[in-house]
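Taking it in order: structure first as structure tokens, then the write-up.
The values are calculated or read from the model by the stated rules, or taken from the named source; none is laboratory data. No experiment lies behind these values; they were computed from the predicted model shown. Note that each Cβ is placed from the backbone with ideal geometry, even for glycine, and that neighbours are counted across all protein chains shown. With ligands, DNA and RNA removed, areas are computed over all heavy atoms of the protein, side chains included. Shrake-Rupley method; radii C 1.70, N 1.55, O 1.52, S 1.80 Å.
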Amino acid sequence: MLRFLLLILLCLVCAIANSAAARVVTCSGLVPFRYRNDKISIRDFGGVGDGKTLNTKAFREAIYRIQHLKRRGGTLLYIPPGVYLTESFNLTSHMTLFLARGAVIKATKYTRNWPLIAPLPSYGRGRERPGGRYMSFIQGDGVQDVIITGDYGIVDGQGDVWWNMWRRRTLRFTRPNLVEFLNSMNIIISNVIFKNSPFWNIHPVYSSNIVIRHVTIWAPRDSPNTDGIDPDSSSNVCIEDSHISTGDDLVAVKSGWDEYGIAYGRPSIGITIRRVTGSSPFAGIAVGSEASGGVENVLAEHITLYDIGVGIHIKTNSGRGGFIRNITVSDVHIWNARKGIKISGDVGDHPDHKFNPNALPVVKDVTIRNVWGVKVLQAGLIQGLRGSPFTQICLSDINLQGISGPRTPPWKCSHVFGAAHRVSPWPCSELTSHRPGSCASYHTGLMGQKGADNWA
Ligand SMILES: *[C@@H]1O[C@H](CO)[C@@H](O)[C@H](O)[C@H]1NC(C)=O
Ligand SMILES: *[C@@H]1O[C@H](CO)[C@@H](O)[C@H](O)[C@H]1NC(C)=O
């Protein structure tokens, strides 16, 4: 009898565990994971993993072979354990770059011959210097069906030479990203460690169907502009189960810069960020500030942040134009932050003097819920634009505790309309208090026409 009861109990536990497991949503399915029958090793092309030999030729020849010998189902390029120093290189379609455990692909510190490429049309110039920009360390331009994966091998950008040029103001052009995909689709980046990027770490731009999961991204806290992942004018990007600790925003969704981004008009749409943890002196989850092509349908959930500048930061500026709408951030844990939540219309610089100061961004329909923070210096700040107030800003179930006891400095708000429900400390009179579930009513239309008018 006892055994029978135990069995029932066990089944019950199993059923609960199973249903819990079934509820774990993942990116898989967005891009099919391809196994490659054709495999080559960097050693077949003269690669030497001694940390001293320059392997540029080996990488370029191996990838040339993949590109031109076009094996059915693509080719896997295996990087065995060892430290492979190289200059930047281009990936090609239908390939897997596989880094074994103990494999390191290391960028040369010799920056003088670093190739220059054209600026992105949606930026009009390099992000930090006028003119072109240095090619990313690993680049894919116009490629599809590319996988960067392995057994937690490392891509090391040796960024300190670049950070020092930035500090000494001796940079001639914009620093290279660690990995960039341009005009590409069906990309998977998983089970790899990225460290010491010269500039942004992973930058998908004008691309779609990108999965980034089980990655670790690390750069020192004082390294300049080492953003973790910046989906930029891209759609269907899914980032999950990753740890990111860098010197700048952990994830920042972008879409071009002022008049160039407006003219290019390519939004970022359908960005999912889930189960990401990390630390930075700047933002955890960010949208902007370059968002001139528009950003919509962003979902960030189950985010854990510690020692962070701003937990959630939606940032834009006059001159940016574009829109930021349908943004949902939920289930965020914050420990030790300067600010919990910031939505602001005065952030970031301009590419040149040709920007139109009357190009005002539209920020609407932002839902932030289930946020818990301790040691948060200031809970929140929402500063819309006088000529373009932020609307449908919906905050619920937010508890941000300060340093000494439950009270933190009050929220600051201006030019904002929206709702707040169960938010502590209480935000500001601009966000009217609503009955439970009122945030959802924006979407279900329960507010009715009158409600909609109120937020217009
Ligand atoms: C890499 O691709 C770019 C095009 O995006 C091209 O200009 C450059 O010459 C390529 N570099 C190498 C080394 O193949
Ligand atoms: C809002 O974005 C979510 C993704 O976060 C998407 O599922 C939903 O369809 C979008 N809503 C509208 C009205 O486009």
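The table for this structure:
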| read-out | value |
| --- | --- |
| Scan of the range 43-79 for residues that are out of contact with any Ser or Thr (no Cβ under 6 Å at 6 or more places or on another chain) and part of a loop (DSSP other than H, G, I, E, B), ordered by number | GLY46, GLY47, VAL48, GLY49, LYS70, ARG71, ARG72, GLY73, GLY74 |
| Residue in the range 434-441 that is surrounded by 18 or more Cβ atoms within 10 Å (Cβ to Cβ), assigned to a helix (DSSP H, G or I) and either modelled with pLDDT of 95 or more or not β-branched (Val, Ile, Thr) (or both) present | yes |
| Enumeration of residues in the range 390-424 that are part of a loop (DSSP other than H, G, I, E, B) and buried (at least 21 other Cβ atoms within 10 Å of the Cβ) | THR408, TRP411 |
| Residue selected from the range 116-133 under the condition touching a strand residue (DSSP E or B) at 6+ places or on another chain (Cβ under 7 Å) and either closer than 18 Å to LEU85 by Cα or open to solvent by 40 Å² or more (accessible area, probe 1.4 Å) (or both), by the criterion nearest to ligand 1 (Cβ to nearest atom) | ILE117 |
| Of residues in the range 80-115 being part of a loop (DSSP other than H, G, I, E, B) and out of contact with any helix residue (DSSP H, G or I) (no Cβ under 9 Å at 6 or more places or on another chain), the one surrounded by the most Cβ atoms within 10 Å (Cβ to Cβ) | TRP114 |
| The range 361-389 - residue that is part of a loop (DSSP other than H, G, I, E, B) and open to solvent by 60 Å² or more (accessible area, probe 1.4 Å) and, of those, farthest from ligand 2 (Cβ to nearest atom) | ARG386 |
| Subset of the range 303-316 [assigned to a strand (DSSP E or B) and away from ligand 2 (no atom under 16 Å from the Cβ)] | THR304, LEU305, TYR306, ASP307, ILE308, GLY309, VAL310, GLY311, HIS313, LYS315 |
| Identity of the residue in the range 317-343, among the polar types (S, T, N, Q), without any contact (Cβ under 8 Å) to a residue 60 or more places away in the chain and more than 14 Å from PHE282 (Cα to Cα), that ends up nearest to ligand 2 (Cβ to nearest atom) | ASN326 |
| Close pairs (6 angstrom Cβ cut-off, 6 or more residues apart or separate chains): at positive phi in the range 83-101, away from ligand 1 (no atom under 13 Å from the Cβ) and part of a strand (DSSP E or B) anywhere | HIS94/ASP145 |
| Any strands (runs of 3 or more DSSP E) falling wholly within the range 210-284 and containing at least 1 residues that are open to solvent by 10 Å² or more (accessible area, probe 1.4 Å) | 216-218, 235-245 |
| Long-range neighbours under 9 Å by Cβ, at least six apart or interchain, first residue charged (D, E, K, R) within the range 185-207, second in a strand (DSSP E or B) | LYS195/ILE154; LYS195/VAL155; LYS195/ASP156; LYS195/THR216; LYS195/ILE217; LYS195/TRP218 |
| For ILE239: the one exception among (1) within 20 Å of ILE285 (Cα to Cα); (2) within 16 Å of ligand 1 (Cβ to nearest atom) | (2) |
| Matching residues, the range 254-307, being among the aromatic types (Phe, Trp, Tyr) and without any contact (Cβ under 8 Å) to a residue 40 or more places away in the chain | PHE282, TYR306 |
| Residue check for ARG129: away from ligand 2 (no atom under 16 Å from the Cβ), over 28 Å from PRO32 (Cβ atoms), in a loop (DSSP other than H, G, I, E, B) and not acidic (Asp, Glu) | yes |
| PHE282, sole failed condition from (1) under 14 Å from ASP232 (Cβ atoms); (2) touching a Gly at 6+ places or on another chain (Cβ under 6 Å) | (1) |
| Any hit, the range 342-349, residues being in a strand (DSSP E or B), open to solvent by 40 Å² or more (accessible area, probe 1.4 Å) and more than 28 Å from THR174 (Cβ to Cβ) | no |
